[in-house]
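The values are calculated or read from the model by the stated rules, or taken from the named source; none is laboratory data. Just so it is clear, the model here is predicted, and its values are computed rather than measured. Quick reminder, even Gly has a Cβ in these numbers, built from the backbone with ideal geometry, and neighbours come from all protein chains shown. Side chains included, ligands, DNA and RNA excluded: accessible areas come from the protein's heavy atoms. Shrake-Rupley method; radii C 1.70, N 1.55, O 1.52, S 1.80 Å.
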Amino acid sequence: MRVKLAILTLGVASVLLGLSPSAKADTFQYDFSTNVLGSENIVFTITEPALQPTGDVTSFTSVTSTLAGTITEFVWDSATGDCLGSSLPGLACASFLNSDFGPITFFFTPGSFLSPGSYTSLNGGTTLEINDLGVVGAPEPSSLLLLGCGLFGLLVMASFGSRIRRLAN
């Protein structure tokens, strides 16, 4: 009986973990194509729960640009136009910080970056393409903790269940 109960509990827990929408994250790729520094492609790959209208990341997978040097920060803002010290209120902006030139900022039409697509800068020569690379399996830590506590409870119940029933009688 205890073995059947443990197997049933494990089955239900694994189904619930698989259905949990917050247990997954999307991977977005931000791809700059710019003529400003010569013909250059700079790619940022960021894993987050959903496409955010604004962000400032220093941890990402990036292609180090041969012309722009090592990139250490990437910022985008679809509403206020404030990116790494450059600001044009009412516009969207995207900026990256590199080791050779400092921050390089591009401005876009208001509301850009709210969905995957291709966006062309207002100051010309630059396109930012956002691609949703899809869902990656990233188990939520609290779900795993809950599963572990449940399994521990089952072990305690199996070990001490008969003793507890005898004490209750």
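Looking at Gly148, Gly111, can you tell me which residue is at pLDDT 85 or above and not aromatic (Phe, Trp, Tyr)? Give the steps one after another, and end with the answer.
Numbers: Gly148 fails: at pLDDT 85 or above.
The match here is Gly111.
Name the single residue, out of those in region 42-62 being modelled with pLDDT under 85 and of a type in the set (Gly, Ala, Ser), that is farthest from Thr72 (Cα to Cα). Checked region 42-62; the qualifying residue farthest from Thr72 (Cα to Cα) is Ala50.
Quick test for you: out of Gly137, Gly161, pick the one residue that is open to solvent by 40 Å² or more (accessible area, probe 1.4 Å), more than 14 Å from Pro53 (Cα to Cα) and at pLDDT below 65. Steps first, answer last, please.
Values: Gly161 fails: open to solvent by 40 Å² or more (accessible area, probe 1.4 Å).
After ruling out the rest, the residue left standing is Gly137.
Filtering region 94-131 to residues that are farther than 14 Å from Thr34 by Cα and open to solvent by less than 40 Å² (accessible area, probe 1.4 Å) leaves Asn98, Gly102, Gly111, Ser112, Phe113, Gly117, Ile130.
State all residues of region 85-105 that are in contact with an Asp or Glu (Cβ under 7 Å, 6 or more places away or on another chain) and more than 16 Å from Asn41 (Cα to Cα); if no residue qualifies, say none. If the condition is that a residue be in contact with an Asp or Glu (Cβ under 7 Å, 6 or more places away or on another chain) and more than 16 Å from Asn41 (Cα to Cα), then Ala92, Cys93 are the ones that fit.
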